[in-house]
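No value in this document is a laboratory result; all are computed from the given coordinates. In this text the structure is predicted, and so the values were computed from the model without any measurement. Backbone-built Cβ (ideal geometry, glycine too); neighbour counts: all protein chains shown.
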Amino acid sequence: MCDNHLADNRPAWREVVRAAAQEAALAEARVHWGENQVAFNYRWEHVQAVVRLAIRLAELTAADREIVEAAAWLHDVARPHSKDHGRDGAVAARQTLAGTDFPPDKIDAVADAVEKHVGLFTDEPVEPLEAAVLWDADKLSKLGATAVLHFIGHLVMMGQGTTVQCLELLPNLSWLERTARSFHTAPARAAGQKRLETYRALWEQALQEFDGDDLLGG
């Protein structure tokens, strides 16, 4: 009874990890916005997108939802102050979850997924399934129409938000194509290909419109 009473008084893990992710994202945004109002917080938009995608992928692949969700919230928590945000994020994930009501026997799996998510593409398998789901959710968030919105917001945050700069600095297709080949789960592979096609079509249309080439089609 005493153990249960102590467990009931531990902080709810979802509230804790969400707050930690938001605090880290705000710290990163303040580097660019200073103490002014943060008009766009790229990291926070990205993290929330990864959480949504990770939960959906967990449902579709039978991955452990608690592990995947916690890892998604915490995957970039060390970014503002680390040169190795995967390794340091894993440490932070363990520290953040300790003392909450998160299942203790799953904490190592969360940390493992956080540590393995780093990079834009890989030719090696990412295992176990929960780590693969986080990898896929993180990379899937960088493809498609919503990714373009996030990237443009990021460029604005960096002071590079003119139309010319957006067209020049948005990620080129070379690494996006390699990213689309790096997914590990079937749903992410299918969605990633569709998102790549959407990005390519949007990019080509924007370039045509900017240069007036769409006037030449008759």
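Counting only alpha carbon atoms, the long axis of helix 186-211 and the longest principal axis of the chain meet at about 30°. From least to most packed, judged by other beta carbons within 10 angstrom and beginning with the fewest, L196, L26, L143 follow the order L26, L196, L143. Of the chymotrypsin sites (Phe, Trp or Tyr not before Pro) in segment 1-100, not one is in a loop by DSSP (not H, G, I, E or B) with at most 13 other beta carbons within 10 Å. Here V133, V31, V68 are placed in order of increasing Cβ neighbour count within 10 Å, fewest first, which gives V31, V68, V133.
In loop segments of segment 79-128 as defined by DSSP, the trypsin sites (Lys or Arg not before Pro) with at most 12 further C-beta atoms inside 10 Å of their C-beta are K83. Using Cβ point charges alone (K and R +1, D and E -1), the dipole size of segment 2-217 about the Cα centre works out to roughly 60 debye.
The long axis of helix 129-140 is offset from the longest Cα principal axis of the chain by roughly 30 degrees. Taking the alpha-carbon centroid of each part, what is the distance from segment 66-80 to segment 163-207 in angstrom? First find each Cα centre; the distance between them is then 24 Å.
The angle between the Cα long axis of helix 65-74 and the main principal axis of the chain comes to about 70°, on a 0 to 90 degree scale.
Evaluate the relative contact order of the chain (contact order divided by residue number), counting alpha-carbon pairs under 8 angstrom at least 6 apart; express in whole percent. Relative contact order for the chain comes out at 21 percent. Within the listed set A12, A92, A70, the Gaussian network model of the chain (springs between alpha-carbon atoms below 10 Å) gives the highest mean-square fluctuation for A12. Listed values for segment 104-114 are Karplus-derived 3J(HN,Hα) couplings in whole Hz (6.51 cos²θ - 1.76 cosθ + 1.60, θ = phi - 60°), namely x, 6, 10, 5, 4, 5, 5, 4, 4, 5, 4, and x replaces Gly and Pro.
With the convex hull drawn around the C-alpha atoms of segment 2-217, the volume per residue stands at 128 Å³.
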